[in-house]
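To start, I am sharing the structure in question, which I have written as structure tokens.
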Amino acid sequence: MWGGRTGALLRLSRLWPTGLLWRGLLNCNVVSLAGSNSPRCWNCGGLGGPLRGDQFFCPQCRALQPPDPARDYFSLMDCNHSFRVDTSKLQHRYQELQRLVHPDFFSQRSQTEKDFSEKHSTLVNDAYKTLLAPLSRGLYLLKLHGIEIPEGTDHEMDSQFLMEIMEINEKLAEAQSETAMNEIESVVRAKQKELTDNVSRAFERDDFEKAKELLTKMRYFSNIEEKIKLKKIPL
């Protein structure tokens, strides 16, 4: 009465525990659907591209794939999503990635791969610079949590802190010798070190508002550091 595939399924259903056959068929369908939605290589159409994990290249034709737009800097640089970063490991990862994607290694490849190489290399450079410096790293980490610090936030800072910044700027403006500038630079570095330690503790507590306040202060001192560098440049 029942023939073909339907008959075979009915015969199997008598041997399998109730529901197991249908769960198995459902799982197969899910796998099949997932496979059909998997990213494919732009060059050969094979599975594995665009970028998945660290597969920068198609596993079948070895063509360089485009950067993954959903991948953040921490993931790209193989770092934990934390304010604390091993800078030596970060540098090693940077060098490793540039050996893979730097444009110099794609001069004889297709124009598409050359373009992808430029994008990858720029992305790696941006990620490295952002995560290397505590201030930019902290601001980026806040951004991943949906928090950004706009320019011109003086009204949010306490008057005592703003007075401290004003006094340091006045001393820097009056400084005429390298010794005087070095003294100011030493004070600013100590302030930045203290703030960096406090920012780290704030992130460990998931206290993003406190981290935002401290990073705002770090940005003020960072501006002073830039002024010191410019003033030290001989005219």
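Just so you know, all these numbers are worked out from the coordinates, no wet-lab data involved. Just so you know, these numbers come straight off a predicted model, no measurement behind them. Heads up, the Cβs are rebuilt from the backbone with ideal geometry, glycines too, and the neighbour counts pull from every protein chain shown.
Using θ = phi - 60° and the Karplus relation 6.51 cos²θ - 1.76 cosθ + 1.60, list the HN-Hα couplings for the stretch 175-185 in order, rounded to whole Hz, with x at every Gly or Pro.
Per-residue couplings from phi come out as 5, 10, 10, 5, 4, 5, 5, 5, 5, 5, 4 Hz.
Could you run the Karplus curve 6.51 cos²θ - 1.76 cosθ + 1.60 with θ = phi - 60° over the stretch 134-145 and give me ³J(HN,Hα) per residue in whole Hz, x for Gly and Pro?
x, 5, 5, 5, x, 5, 5, 5, 4, 4, 5, 9
Here is a further query. For R40, what residues show an amide H to amide H distance below 5 Å, using hydrogens built from the backbone and excluding near sequence neighbours?
G49
Something else: Need one number: nm distance between label points at L132 and S186, each 7 Å from Cα along Cα→Cβ, rounded to one decimal.
The two pseudo-label positions are separated by 2.7 nm.
So for each of 184-190, 86-92 I average, over its residues, the number of other beta carbons within 10 Å; can you give me the resulting order with the highest mean first?
184-190, 86-92
For the pairs K171/K210; K89/K229; K129/K171; K129/K229; K89/K217; K129/K217, flag any whose C-alpha to C-alpha distance is greater than 25 Å.
Going by Cα-Cα distance, K171/K210; K89/K229; K129/K171; K89/K217 fall outside the 25 Å limit.
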